[in-house]
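Shown next, in structure tokens, is the structure this report addresses.
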Amino acid sequence: MSRIVLIGPPGSGKTTLGQLLAERLGVGFRDTDADVEAVAGKPVSDIFVEDGEARFRELEHEAVRRALAEHDGILSLGGGAVLNEETQALLAGHHVVYLQVGLSDAVQRVGLASARPLLVLNPRSQLKKLMEERRPVYERLAVATVVTDKREPEELADEIIKGLPA
């Protein structure tokens, strides 16, 4: 069974859907943000504050590289992981699924009081800007796009599984 790599902005459902897909397909689930936190020994928000975004992006790229080499299940990437050109190159040839979400659904799912480092000032405006900037990259890297707005994870999992190569 080929690996599925989930990409998309915060609030698109990568973790929830990734865990459900892994369970349905009988494979492991891995989240590169969790990998980064394990290596750094602190939450992503602390890495941003204490070490800066550049350091976080270095750790994130290494986490993606390692996960693609080691993990043969469902992989969820942090929303900004795809901004790294080397990471983009590593994703070539993988079954990358872009979880597309509208701003209002993303805001509801993320919650604007959350500890997401790039959404600190004016979270709704920041999330909108971030989603608009990243959308072309998500679309270019994806072999499939699934719109998640107002849909249940089970329905989305069915759609993704039906789209897997034989």
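Residues of the range 69-109 that are within 22 Å of residue 47 (Cβ to Cβ), of a type outside the set (Gly, Ala, Ser) and open to solvent by less than 20 Å² (accessible area, probe 1.4 Å): 75, 77, 82, 87.
Within the range 151-164, the set of residues being open to solvent by 40 Å² or more (accessible area, probe 1.4 Å) and part of a loop (DSSP other than H, G, I, E, B) comprises 151, 152, 163. Within the range 110-150, track down each residue that is open to solvent by 60 Å² or more (accessible area, probe 1.4 Å) and either at pLDDT below 80 or assigned to a loop (DSSP other than H, G, I, E, B) (or both). Listed by number, the residues that qualify are 112, 113, 115, 116, 120, 121, 122, 124, 126, 143, 150. Residues of the range 35-58 include none that is open to solvent by 20 Å² or more (accessible area, probe 1.4 Å), in contact with a strand residue (DSSP E or B) (Cβ under 9 Å, 6 or more places away or on another chain), of a type in the set (Ser, Thr, Tyr) and modelled with pLDDT under 95. Regarding the range 15-31, can at least one residue be identified that is open to solvent by less than 50 Å² (accessible area, probe 1.4 Å), in contact with a Ser or Thr (Cβ under 9 Å, 6 or more places away or on another chain) and among the acidic types (Asp, Glu)? The answer is yes; a qualifying residue exists. Restricted to the range 1-103, the set of strands (runs of 3 or more DSSP E) holding at least 2 residues that are under 25 Å from residue 125 (Cβ atoms) comprises 95-100.
The values are calculated or read from the model by the stated rules, or taken from the named source; none is laboratory data. None of the values given here were measured: they were computed from a predicted structure. In this analysis, Cβ positions are derived from the backbone assuming ideal geometry, glycine residues included, and neighbour counts consider all displayed protein chains. Keep in mind that these areas ignore ligands, DNA and RNA; they rest on the heavy atoms of the full protein, side chains included. Shrake-Rupley method; radii C 1.70, N 1.55, O 1.52, S 1.80 Å.
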